[in-house]
Amino acid sequence: MNRGFLDPTLPGTLHEQISDEFRSRIASGAWPPRYRLPSEPDLAAELSVGRGTLRRALQTLLEEGLLRRVPGKGTFVTSTIIEPAIAQKLTSLSEDFTRQGIVSATEVIDCALMAPPAPVAALLEVPAGGNVLRLYRRRTTADGPVALLHNYVRAVNLPGIEHVDFEKESLFNTLETTYQLRIATARRTFSAEPATEAVAKQLEVPVGSPVQYLEQVTYLADGHPIEYSDVWIRSDRLRVTSLLSR
């Protein structure tokens, strides 16, 4: 983004022009639901406007319900889905299985570097021309398939990650151990969906049957996003439980 769309000679204030531009980006999908906006100082510098002008523009969209602020996390594009906050420890499925003594196997269906789809590029803050690792896996137990995982990993400064054997290595452990990254937080959303033909085939359920869907964006300790995932869970074989305290 740059200040090219701002024109002081046009009717309307600069903050109205910024609101219009941001509104257009949300409507077009350039800023998809759950996209975290850059910080106010970064946005103001990018647009060459004062913080006060930027804040007025953002406040307009907050009041319209297009944006929402999460204390300590940032400003996000609003999802159309109600998302109650559920506190729980950030762990991967493989870590949960290991902790509970469940024997599981992972099949890698696809693992390759690629240019990300536009919504994923926005969520992971991938620059133009940048790549992500697309990792597509199926996890099974003795009862059969339990989960289908589709991960996109921001591949900046991750040389050789496409050659890791993810049938033996977990993604989070690879990022933390091999690449010395510190995973800190994630934004995770659950919903129920009818199984598409592709999902039904991998989970061995009838097309259209209900499956649990999990969408997640994972962030490093420095606040930068590192991974986006779509996960489909066969809920008759795997249940997701949260241990909460008040």
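The values are calculated or read from the model by the stated rules, or taken from the named source; none is laboratory data. Predicted model only: the values in this text are computed from it and were never measured. Note that we place each Cβ from the backbone using ideal geometry, even for glycine, and neighbour counts take in every protein chain shown. Heads up: the accessible areas ignore ligands, DNA and RNA and are worked out on the full protein's heavy atoms, side chains in. Shrake-Rupley method; radii C 1.70, N 1.55, O 1.52, S 1.80 Å.
Worth a mention:
- In the set (1) under 17 Å from Gln17 (Cβ atoms); (2) part of a loop (DSSP other than H, G, I, E, B), Leu58 fails one condition alone, (2).
- In segment 158-176, the residues that are within 21 Å of Gly130 (Cβ to Cβ) reach residues that are among the aromatic types (Phe, Trp, Tyr) and open to solvent by less than 60 Å² (accessible area, probe 1.4 Å) with C-beta atoms within less than 7 angstrom, at least six apart or across chains, in these pairs: Leu158/Tyr179.
- Residue under evaluation Glu167, criteria (1) loosely packed, with under 14 Cβ neighbours inside 10 Å; (2) over 27 Å from Ala142 (Cβ atoms), criterion not met: (2)
- Condition check for Glu193: over 15 Å from the mean Cα position of the chain (by Cα) and surrounded by fewer than 20 Cβ atoms within 10 Å (Cβ to Cβ): yes
- Some residue of segment 168-178 being modelled with pLDDT under 90 and among the β-branched types (Val, Ile, Thr): no
- The requirement of being within 20 Å of Leu158 (Cα to Cα), assigned to a loop (DSSP other than H, G, I, E, B) and not charged (D, E, K, R) is fulfilled nowhere in segment 200-213; no residue meets it.
- Being under 18 Å from Cys111 (Cα atoms) and open to solvent by less than 10 Å² (accessible area, probe 1.4 Å) holds for only one residue in Leu149, Leu203, Leu175, and it is Leu175.
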